[in-house]
Structures are given as C-alpha cells and as structure tokens.
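> I have a structure I would like to understand better, so I am pasting it below and will then ask my questions one at a time.
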Amino acid sequence: MSNETAILPESTELTDGFHLIMEALEMNGIDTIYGLLGIPVTELGRLWQARGNRFYSFRNEVNAGYAASFAGYLTKKPGVCLTVSAPGFLNGLNALANATTNCFPMILISGSSEREIVDLQQGDYEEMDQLNMARPYAKASYRINRVEDIGVGVARAMRAALSGRPGGVYLDIPARLLGQTVDAVEGGNSLFAPVDMSPAQLPAPDAVARAVELIKGAKKPLILLGKGAAYAQCDEQIKALIEETGIPFTPMSMAKGLVPDTHPQCAAAARSLALKESDVVVLVGARLNWLLSHGKGKTWGGAKKFVQIDIQANEMDSNVKIDAPLVGDIESCVSALRAGLKGMATSTDWTGALAEKVAASKSKLNARINTATPAMNYANSLGAIRDVLKNYPDITLVNEGANALDNCRMIVDQYLPRRRLDSGTWGIMGMGMGACVAAASVTDKPVVAVEGDSAFGFAGMELETITRYDLPVTVIIMNNGGIYRGDENSPAHQVSCMLFNPATRYDKMMESFGGKGVRVTTPEELAAALEASIKSGKPTLIDAVIDPAAGVESGRIGNLNVVSQIGKK
Ligand code: OXK
Ligand code: ADP
Ligand code: MG
C-alpha cells in the first residue's frame with residue numbers, strides 16, 4: 001500500500017520517495033550526483049549530501065549534464081545529473097542528447113510538475129511533458145509514478161544506460177512522488193541491486209573466422225581505435241592485439257593514449273596515408289561517421305575491406321559494406337581475434353612506409369613548434385604545453401574549440417587510456433568545464449583544459465564551481481579574440497559577429513572567484529605557468545594570448561562550411 005493518504009498504524013515507521021530514490025541509487029553504486037537544484041528537487045540534494053554522498057552543484061544544468069556524461073565514460077557506470085523541471089530539464093537534455101550520441105552512459109533525473117495539470121495543459125509551474133520531450137534524444141525515457149516502483153525504475157534506468165551500446169536515459173520524477181510515504185520495511189524490500197548490467201556478448205565463431213581470414217590475407221592492414229575501445233576498459237587486450245600482429249594503428253581523438261601516441265606502431269602522424277593506402281581496416285569501437293568521411297571518398301582511396309567490432313549490430317553497413325562484422329563486446333571480440341591471429345606478421349614494407357611518413361610529419365611539425373613568432377601561434381604555444389604534459393602522463397586533458405581542438409589533438413601526445421576528453425561525435429562547444437569537474441571528481445588528479453576562447457565562453461561561469469570545490473584544474477584559454485580568428489574586419493557601425501571584446505581578461509575572471517589567474521604571451525611563460533599550476537594543485541586559469549591572425553575557419557573541418565558564391569568573383 002503506498003499512497004499519501006494511506007492509514008497506517010501509529011507505530012509504523014515510514015519512508016518516502018526522497019529516501020527510496022537515494023537508497024536505490026546507492027544500491028546501484030552511485031555516490032556522486034552532478035546537478036543544479038531548485039523546485040521540486042532541492043531537498044533531494046540536501047538529503048543526498050547529508051548521507052555522506054557527493055553533490056557537485058553547477059551554475060547551468062547543461063554543464064552538470066556534461067560532467068555526468070564524462071564521468072559515465074570514465075567509470076563505465078552511469079553518471080547521474082539532477083535538475084529541476086522544464087527549463088532546467090531542457091538544459092540537461094542537451095547534455096543527455098550528447099551523451100546518447102557519444103555512447104556515454106548517463107541518467108538525467110529531473111523533477112516534474114503535477115501530471116493532471118500538465119496533461120490538461122492548465123498552466124502549472126514549469127509545465128512540460130518532459131517524459132515525451134526526452135524520448136527522441138535518449139536511449140530510453142521512464143517515469144516513476146509510485147513509490148513502490150522506485151526500485152524497478154532506477155534499475156531499469158541503470159540497465160538501459162549501461163547495457164549494449166551505452167547511452168543517455170531520462171528518468172522523470174514527479175514532485176508528488178518524492179513526498180509519497182510507504183511503510184519503511186515494505187519500501188526497503190522493493191529495492192534491489194541488478195546484477196550483470198553490461199553482460200559479455202561473445203561474437204559468433206563463424207564471424208570470428210571470417211574476420212581472421214580477412215585480416216590474415218591483408219597486405220596493408222590497419223587498426224582504427226575509437227572511444228568505444230577506450231570505454232571498454234580492456235586496454236591490455238587491445239595493446240596485445242596490436243603488438244602480437246604488428247598491425248599499425250591510428251586512434252580517433254578520444255582513443256588517443258589507449259595505446260601511447262609514441263608507440264612505434266602508432267600511425268597517427270601518417271593518418272591520411274594510412275587511411276588511403278590500407279587494404280583491410282579493423283574498426284574497434286569507432287563508427288564510420290563524418291569523422292571518418294563515412295568510410296568513402298578520397299580519404300579512403302581505392303578498394304577497401306572493413307572488419308568492424310561493435311556491440312550494436314545495426315551499426316554494421318551503416319555507411320559502407322562491412323565485410324566482416326564482429327558483433328559483441330570489444331573485450332570478447334579482441335580476445336577471439338587474438339586467438340585466431342596468433343603468429344600473424346605484418347609486412348614491413350607497409351609498416352616501414354608508414355614509419356617513414358610518421359618521422360617526416362613529426363619533424364615538419366617540430367620545426368613549426370620550434371619557430372618563435374612575435375605573437376604566440378597554435379603550434380608554438382601547444383608545443384610548450386606538450387613538453388610540460390609529457391612529464392605528467394596521468395593528467396586528464398580536456399580539449400575543445402576549432403583550431404585549439406585540432407592543433408591540440410595533433411600536437412599533444414597522450415600516454416594513458418581515457419586521459420583525453422573532447423568535443424566528441426557532435427563536435428560540441430561548451431563541454432570543457434563540465435568535463436573538468438568530471439575528471440577531477442573521478443580521478444582526484446590534476447586536470448588541464450585547453451580551450452578556444454569561444455568554446456570556453458559557453459560555460460565560463462563554471463570557473464566558480466571549480467574554485468568552490470577547490471579542484472586541481474588548470475584552464476588554458478587560447479585567446480585569439482574571436483571565433484576562428486580575432487582579426488576579422490567589422491562592417492560599418494557594428495562589431496563583426498566573429499569577434500570578442502579584445503579587452504577581455506580571462507585571468508581576472510578567475511581571480512574574482514578566488515582562483516589563480518595568469519596572463520602569458522610567450523611559450524616560455526606558458527610552460528612555466530602550467531608547470532607551476534599543476535604543482536600547486538589549485539584552480540588556475542592561464543590566459544594565453546595568441547596572435548589574432550592565427551587560426552583558420554572551422555579548423556580542419558572547413559570543408560563542412562557552406563559558403564555563398566553570390567557576388568564573388
Ligand atoms: C597527427 N599528425 C601529426 C601528428 N599527429 N603530425 C605530426 N606529429 C604528430 N604527432 C598529422 C596527421 O597525420 C594529419 O596529417 C594531421 O596531423 C591532422 O591529424 P588528425 O588526426 O587531427 O587528422 P584530421 O585529418 O584532422 O582528422 C579528421 C577528423 C578530425 C575529422 C577526425 O579533424 C577531428 O576529430 N575533427 C573534429 C573537429 C571538431 O569536432 N571540431 C569542432 C569544431 S566546431 P595528414 O597529412 O596525415 O592528413 C567548428 O569549428 O565551425 O562549428 C565550427
Ligand atoms: P569515435 O568517435 O572515437 O570514432 P564512436 O563514438 O563513433 O567512436 O564509436 C564508439 C562505438 O563503440 C559505438 O558504435 C559503440 O556502440 C561502440 N561500443 C561502445 N562500448 C562498446 C563495447 N564495450 N563493446 C563493443 N562496442 C562498444
Ligand atoms: Mg578563438
């Protein structure tokens with residue numbers, strides 16, 4: 001029996017929706033919530049902290065949502081974000097959609113208004129049909145209407161977020177549910193901890209045999225590691241597959257470091273050549289989406305065969321024919337491949353050609369990095385950052401922007417798995433500050449964010465969050481004064497839509513929150529400030545003044561821009 005009007009014996013001990021939700025989350029191993037409180041969930045946050053759990057309180061729900069989703073990616077456990085109704089929910093939904101797109105496990109829990117009024121559209125406080133709004137953007141969307149369903153509701157959300165291809169789940173919590181009471185013993189008995197939430201999924205033996213045959217017959221095989229492979233946390237298996245077969249590999253952005261960028265088989269610095277010339281490509285937790293030119297066109301050169309390891313069966317053939325689909329979890333698939341490929345060797349003509357290109361690219365890049373310029377550019381500033389960070393391989397690097405993203409991905413090496421968080425599948429701006437809080441809260445180690453000044457602006461107020469929790473986060477702003485560049489001509493009587501206020505002092509902004517702010521104009525100053533800030537373990541912002549003329553439109557994806565030809569010669 002469980003409704004607020006139930007008549008219970010006076011001696012009966014009661015519990016309520018607040019407590020059952022918290023107990024259910026705890027039972028599922030959740031000890032941290034990222035969120036922003038208000039009606040009707042304020043008390044839930046207070047009670048959660050009072051029980052000794054952690055609550056990271058943000059200044060905008062979208063950033064809390066990003067934090068939850070990156071925490072989910074880093075821990076293989078859904079990150080939980082808590083928001084208020086309608087507008088707070090919508091801000092959080094942005095991050096939930098991004099989590100689903102990136103295959104990060106996350107649960108967005110939002111309070112919601114009175115069902116009867118919402119459904120008749122009678123104008124309730126923050127009225128919105130949140131459950132249905134979330135559906136197209138989430139892997140699953142549930143509402144818990146009765147206290148006795150809290151156990152099942154939370155278990156369902158956890159399992160939906162984690163099982164198969166991970167994703168974002170919405171859990172709707174009507175205000176009334178929180179206050180509903182039930183007999184404490186009955187309520188407690190309705191909760192449970194689900195077992196085996198992301199079960200191993202073994203690939204079929206004939207699928208393994210097909211893939212093995214294809215790879216063994218390849219003259220120029222290539223392994224492409226995606227962030228699904230990093231998420232899978234079977235790092236040693238993947239490294240062993242690469243080293244036992246001698247197949248060169250290239251990582252997608254967030255897979256950098258899964259096997260070190262400095263590994264002799266890493267072909268990242270010969271990416272174009274590797275994609276174009278390879279004859280058999282083994283995709284491990286990477287989708288053939290826009291980031292891989294959909295598996296076709298000049299990026300991929302001539303005839304190509306694909307082996308794809310993915311847990312999501314209908315990912316296969318989504319863009320081009322997959323000759324050997326391996327549907328299963330990455331650990332099981334990679335271990336099956338290793339067994340089948342024992343004794344395989346890769347042609348040294350192929351590995352030699354790639355190694356030669358890698359050496360040439362690196363020396364060309366180093367020449368750019370080592371060229372001093374009157375004002376810092378992306379190459380020499382990021383070269384300074386690279387040289388400091390190579391002594392701190394355990395740091396998590398957060399990175400977003402256009403040129404700041406592309407150059408940092410190219411220049412700053414990663415040495416360990418899951419130490420790079422970035423704009424991901426959607427190429428979003430604004431994820432950085434949430435990712436910093438996630439990484440600091442999950443790892444308890446220093447975090448460094450390399451941010452374009454535009455990207456930073458989407459979430460700048462979260463500097464207050466970072467200082468409030470005294471997190472060991474260094475935010476470096478690559479400040480060139482605009483989107484892409486800071487030297488665009490303005491039309492008459494207006495400031496160009498691509499420019500920011502050149503008087504902006506991001507370092508002072510950090511100081512106003514009690515953090516350390518430093519402004520640097522040379523690579524040497526930048527390196528010294530970064531070193532000091534990492535050592536201090538204190539919230540620091542380094543405002544790195546970059547040449548306004550540095551940067552190209554949309555970085556390396558300028559080809560995606562549509563440009564009007566009207567009136568142009
Ligand atoms: C790589 N390279 C190197 C090295 N590593 N050279 C020397 N040394 C090292 N260590 C070379 C590599 O071989 C490539 O050259 C080049 O550097 C770039 O490498 P990479 O890996 O970054 O490759 P590429 O072609 O840029 O990759 C394509 C991509 C990537 C689509 C996967 O660009 C990407 O992840 N983009 C995300 C962009 C994004 O989301 N932006 C959001 C901005 S929004 P070659 O000679 O081998 O090719 C925005 O801007 O506008 O709205 C907007
Ligand atoms: P990237 O952007 O790095 O190329 P994507 O996000 O496009 O990576 O691809 C990740 C892929 O990994 C998704 O298709 C997802 O289904 C898959 N994936 C995630 N976790 C696992 C896992 N444990 N086993 C198998 N596949 C996985
Ligand atoms: Mg800029």
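The values are calculated or read from the model by the stated rules, or taken from the named source; none is laboratory data. Quick caveat: nothing in here was measured; it's all calculated off a predicted structure. Neighbour counts are summed over all protein chains in view; Cβ atoms, including those assigned to glycine, are modelled from backbone coordinates with ideal geometry. These accessible areas exclude ligands, DNA and RNA; they are computed on the full protein's heavy atoms, side chains included. Shrake-Rupley method; radii C 1.70, N 1.55, O 1.52, S 1.80 Å.
> Give me the three principal axis extents of region 464-568 from the C-alpha atoms, as integers in angstrom, largest value leading.
That works out to 55, 30, 25 Å along the principal axes.
> Towards the positive end of the charge dipole of region 482-569, with charges on Cβ (+1 Lys, Arg; -1 Asp, Glu), say which of Ser554, Ile566, Asn501 has the farthest Cα.
Of the candidates, Ile566 comes out farthest on the positive side.
> Near the amide H of Lys516, under 5 Å away, which other amide H atoms are found, from residues 5 or more places off or on another chain, if H is placed in the peptide plane?
The answer is Thr540, Leu541.
> Now a separate question. Over region 447-565, what percent of the accessible surface lies on carbon and sulfur atoms, probe 1.4 Å?
Of all accessible area on region 447-565, carbon and sulfur atoms account for 56 percent.
> Something else: Say a paramagnetic label sat at a point 7 Å from the Cα of Ala339, along Cα to Cβ; which residues of region 209-225 have their backbone N under 12 Å from it?
209
> What ³J(HN,Hα) values, in whole Hz, does the Karplus curve 6.51 cos²θ - 1.76 cosθ + 1.60 give for region 550-560 when θ = phi - 60°, with x put for Gly and Pro?
Coupling constants for region 550-560: 7, x, 10, 4, 6, x, 7, 10, x, 4, 7 Hz.
> In whole Å, largest first, what are the principal axis extents of the Cα atoms in region 375-446?
Sorted largest first, the three principal extents are 35, 30, 20 Å.
> Dividing the convex hull volume of the Cα atoms of region 165-279 by its residue count, what figure in Å³ per residue is obtained?
Output value, Cα hull per residue: 180 Å³.
> Note down the nm distance, to one decimal, between modelled labels 7 Å out along Cα→Cβ at Ala375 and at Glu356.
4.1
> Cα axis of helix 235-245 to longest principal axis of the chain: angle in degrees, 0 to 90, nearest 10?
Tilt relative to the chain: about 30 degrees.
> Please state the equivalent ellipsoid semi-axes for the chain: what are the square roots of 5 times the Cα gyration tensor eigenvalues, largest first, in whole Å?
Equivalent ellipsoid of the chain: 41, 32, 21 Å, largest first.
> Right, next: Once a ≥ b ≥ c are taken as the square roots of the eigenvalues of the Cα gyration tensor of region 228-269, is the result rounded (a/c under 1.5), prolate (a/b larger than b/c) or oblate (a/b not larger than b/c)?
oblate
> If you don't mind, there's one more thing I want to ask. A 21 angstrom limit on the alpha carbon distance is what I want to check against. Which of Lys77/Lys139; Lys139/Lys227; Lys216/Lys305; Lys304/Lys364; Lys256/Lys516; Lys216/Lys239 exceed it?
Working: Lys77/Lys139 15 Å; Lys139/Lys227 18 Å; Lys216/Lys305 12 Å; Lys304/Lys364 29 Å; Lys256/Lys516 30 Å; Lys216/Lys239 18 Å.
Where the Cα-Cα span goes over 21 Å, the pairs concerned are Lys304/Lys364; Lys256/Lys516.
> What does the net charge come to around Gly257 if you take all other residues with beta carbon closer than 15 Å to its beta carbon, with K and R at +1 and D and E at -1? If you can, show how the numbers build up before the last one.
Values: positive: Lys227, Lys239, Lys256, Arg386, Lys390, Arg409, Arg418, Arg419, Arg420, Lys445; negative: Asp235, Glu236, Asp261, Asp394, Asp413, Asp422.
Local charge sum for Gly257: +4.
> Hey, how many Å between the Cα centroid of region 254-299 and the Cα centroid of region 434-503?
Each part's Cα centre sits 29 Å from the other's.
> Please give the length that would be gained between Ala367 and Arg51 if that part of the chain were fully extended, namely 0.36 nm times their separation in residues minus their C-alpha to C-alpha distance (nm, one decimal).
So the extension gain works out to 108.2 nm.
> Rounded to the nearest 10 degrees, what's the angle between the helix 378-389 long axis and the longest principal axis of the chain, both from Cα atoms, 0 to 90?
70
> Here's something else I'd like to know. Over the Cα atoms of region 370-557, each weighted equally, I'd like the Debye log10 I(q)/I(0) at q = 0.08, 0.13, 0.18 Å⁻¹, rounded to two decimals.
-0.22, -0.59, -1.19
> I'd like the Karplus ³J(HN,Hα) series for region 39-47: coefficients 6.51, -1.76, 1.60, θ = phi - 60°, whole numbers in Hz, and an x wherever there's a Gly or Pro.
With the stated coefficients, region 39-47 comes to 4, x, 10, 3, 5, 4, x, 4, 5 Hz.
> Go ahead and collect, in residue order, the members of region 521-542 whose backbone nitrogen is under 13 Å from a label point 7 Å along the Cα-Cβ direction of Asn391.
Label zone hits: 527-536.
> Rounded to the nearest 0.05, what FRET efficiency do Asp31 and Leu202 have when you use their Cβ-Cβ distance and R0 = 45 Å?
Calculated value: 0.90.
> Also, I was wondering about something else. Separation between the Val320 and Glu13 pseudo-spin-labels, each 7 Å from Cα along Cα→Cβ, expressed in nm?
A separation of 6.4 nm, rounded to one decimal place.
> Let me ask another. Apply the a/c threshold of 1.5 to the C-alpha gyration tensor of region 14-189 and tell me whether it is rounded, prolate or oblate.
Judged from the Cα gyration tensor, region 14-189 comes out rounded (a/c under 1.5).
> What residues have an amide H closer than 5 Å to that of Leu14, excluding those fewer than 5 places away on the same chain, when H is modeled at 1.01 Å from N in the peptide plane?
Amide H to amide H, under 5 Å and 5 or more residues apart or across chains, Leu14 pairs with Ala184.
> Also: Can you tell me how much longer the chain between Arg59 and Val185 gets when fully stretched, taken as 0.36 nm per residue apart minus their C-alpha distance, in nm with one decimal?
41.6 nm
> Could you tell me the calculated FRET efficiency between Leu416 and Thr42, based on Cβ-Cβ distance and R0 = 56 angstrom, to the nearest 0.05?
0.90
> Compute the acute angle (0 to 90°) between the alpha-carbon long axis of helix 150-162 and the principal axis of greatest extent of the alpha-carbon atoms of the chain; round to the nearest 10°.
Once rounded, one gets 10 degrees.
> Oh, and also: Assign one of three labels to region 103-188, namely rounded, prolate or oblate, based on the Cα gyration tensor with a ≥ b ≥ c the square roots of its eigenvalues; rounded applies when a/c is under 1.5, prolate when it is not and a/b is larger than b/c, and oblate otherwise.
Oblate is the answer for region 103-188, as a/c is 1.5 or above yet b/c matches or exceeds a/b.
> Let me see the pair-distance distribution of region 205-355: every alpha carbon pair, 5 Å bin width, integer percents in order.
2, 10, 22, 26, 23, 14, 3, 0
> Show the residues, 5+ positions off or on another chain, whose built amide H is closer than 5 Å to the amide H of Asp323.
Phe306
> Shifting gears a bit: Excluding residues fewer than 8 places away in the same chain, name every one of the aspartates and glutamates whose C-alpha is closer than 19 Å to that of Lys342.
Asp206, Glu213, Asp235, Glu236, Glu243, Glu244, Glu331
> Something else: When DSSP assigns beta bridges and you keep just the ones with both residues in the chain, what percent turn out antiparallel, to the nearest 5? Show your work: numbers first, answer last.
Numbers: 4 of 71 bridges.
In the chain, DSSP labels about 5 percent of beta bridges as antiparallel.
> Moving to a separate point now. Provide the per-residue ³J(HN,Hα) series for region 128-144, in order, calculated from phi with Karplus coefficients 6.51, -1.76, 1.60 and θ = phi - 60°, each as a whole number of Hz, with x at glycine and proline positions.
Values, residue by residue: 5, 7, 4, 4, 7, 4, 6, 3, x, 9, 10, 5, 8, 9, 10, 10, 9 Hz.
> Measure off 7 Å from each Cα along the Cα-to-Cβ vector at Leu560 and Asp349, then give the distance between these two points in nanometres to one decimal.
The answer from the label model is 3.7 nm.
> Cα centroid distance between region 506-536 and region 76-120, in Å?
Computed from Cα coordinates, the inter-centre distance equals 35 Å.
> Based on the Cβ-Cβ distance from Leu120 to Glu236, what FRET efficiency comes out when R0 is 60 Å, to the nearest 0.05?
Values: r = 57 Å, r/R0 = 0.96.
Computed FRET efficiency for Leu120 and Glu236 comes out at 0.55.
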